[in-house]
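Beneath this line is the structure, given in structure tokens, with notes to follow.
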């Protein structure tokens, strides 16, 4: 449906968007937090212990932090170095979407799936606001692809690679990886009735490979926690890291115990899906309904032209995570490859069955989404954060001209759906990564204060704070965590700096502590945007201040 040249042109555009985002300042809280945790590993050469600030960290396994620390060792401690493993994992995920789509359907579906996956809004965001989910998603779909290949072809290589991928995913975020892989593969086995693949000596090889892959992570947990029953983690002693990762972790997430509850809304992930999978949401919803209807009409009898891996995996997993008491939008990322393959398959069916009327309806919606993106781009560029340089206007004009040029090219409605969706994502996220996020991060206090520290040649060893409030971006860009001290302790020190909020400055003053220099920057929680902040006329009202004061 699309030429090889056009396919690689789209891949190039998407990768360019990713590369632009690599060099943005790290976001607080999670991205900067995880980057600091990995930085500590690299600086102290302690790859067995995980710390979140001064606290022992049990919540997630080590793989994401190991990969980031390895990147630091190779390239140095930089924000772009932190993002490299996540981007590479996303590219692995895209290649796996291609492979699985090709295995279940054909080469065209594989190509569509990789493009849809890479341009889904949550996946683009995951490569600038990098958490554990980029690595988790990439290795999870890689494992599903390879294990599905084993079911279809019975090769030793595929089951060994599948087991390795499962081990890497498990070592990144724990049980959720095995749940997604296991349910997806069981759905495929149940529909194809190839249960005999489980009664094979190659399964023992897979178990061995999986065990060897997760062994470093298990040893690290054992070393940090099992050997030290006296440690109190979240109010409990005698915590076993191995028992936690194999049993307690997912139950804590489902029940909210330990991590807390943030949403009992059963439909949270449904309305979240409406935006995280943009610009492909409508394609996915119609594709899902069409697939379920086809299985219902066939009474779930086996048909060579149908596959149950994606729709079955999505249905069961979506229902399962909806019962969790702790929910965040990026928890859906691990399902994005399945949605991408499902959507790609539906797009190919539209083309194959010549469903022109439905294709035109979906195309109209895609044009509407693109129109909203263009309006948003103009609003951001000329109002929210005005472009400042002539070349910025030139780049925006070139981008809009390229979009217009590609739109007027003659294509079938089926291919045009893909083209318009990709252009929507590239235009939106190109603008966000190149302009919106850099301007937004001008209001992140910690990273901006780190710049002031460099400009004024302030020794980072002499910076303290008087509360346990996290300062991740300042820690990262200073390349040293800010030490916490009490007010009586800071009163005894001379020639030091204190990083503080307005209230903390008042505490210092109330305790008779004076300062002779003060540096102040704006502070806004940039991951929690508000209309009043985006409006330049009311932005000042939503800003707080962060201060760095010198005690003489």
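Among beta bridges from DSSP that stay inside the chain, the antiparallel ones total about 80%.
Could you put 442, 59 in order, starting from the residue whose Cβ has the fewest other Cβ atoms within 10 Å? Could the numbers behind the result be given before it?
Working: 442 14, 59 17.
Least to most surrounded, the residues fall as 442, 59.
Relative to the longest principal axis of the Cα atoms of the chain, the long axis of helix 309-322 lies at roughly 40 degrees. Each residue, residue 155 and residue 353, gets one label point 7 Å from its Cα in the Cβ direction; the gap between the two is 3.2 nm.
Note on the range 444-551: antiparallel DSSP beta bridges, both residues inside, total approximately 75 percent of the bridges counted. Mean projection of the Cα convex hull over all viewing directions, computed for the range 356-442: 5.6 nm².
Mind running the shape call on the chain? Use the C-alpha gyration tensor, a ≥ b ≥ c as the square roots of the eigenvalues: rounded below 1.5 for a/c, prolate if a/b tops b/c, oblate otherwise. Oblate, since a/c reaches 1.5 and b/c is not below a/b. Mean residue ellipticity at 222 nm, helices only, the chain: -19500 deg cm²/dmol; runs of at least 4 DSSP H residues each add -39,500 (n - 2.57), and the sum is divided by the number of residues. Here the mean projected area of the convex hull built on the C-alpha positions of the range 444-551 is 7.0 nm². Cα axis of helix 4-22 to longest principal axis of the chain: angle in degrees, 0 to 90, nearest 10? Orientation of helix 4-22: about 20 degrees from the principal axis.
Taking the range 100-171, how much of its Cα-Cα pair set, in percent, is spaced more than 20 angstrom apart?
Details: 981 of 2556 pairs.
When all Cα pairs of the range 100-171 are counted, 38 percent exceed 20 Å.
Ordering 547, 64 from the fewest to the most neighbouring beta carbons within 10 Å gives 547, 64.
Within 10 Å, count the other beta carbons around each residue, average over each peptide in 416-427, 356-367, and list them highest first. Write down the numbers at each step before the final one.
Numbers: 416-427: 24.2, 356-367: 16.7.
With the highest mean Cβ count within 10 Å placed first, the list reads 416-427, 356-367.
Across the chain, Cα pairs under 8 Å and at least six residues apart give a relative contact order of 16 percent. What angle, in degrees between 0 and 90 and rounded to the nearest 10, separates the Cα long axis of helix 79-104 from the longest principal axis of the Cα atoms of the chain? So the helix axis and the longest Cα principal axis differ by about 10 degrees.
Divide the volume of the convex hull around the Cα atoms of the range 413-478 by the residue count and you get 109 Å³ per residue. Residue exposure proxy: 208, 395, 50, ordered by other Cβ atoms within 10 angstrom of their Cβ from fewest to most, comes out as 208, 395, 50. Averaging Cα coordinates gives a centre for the range 1-76 and one for the range 116-181; these two points are 16 Å apart.
Compactness of the range 1-123 is given as radius of gyration and Dmax, 17.4, 55 Å, from Cα positions. For the range 444-551, averaging the sequence separation of C-alpha pairs within contact (under 8 Å, six or more residues apart) and dividing by the residue count gives a relative contact order of 32 percent.
Read-outs: derived from the displayed coordinates by stated rules, not from any lab. It should be emphasised that the depicted structure is a prediction, and the values quoted were computed from it without experimental measurement. Quick reminder, even Gly has a Cβ in these numbers, built from the backbone with ideal geometry, and neighbours come from all protein chains shown.
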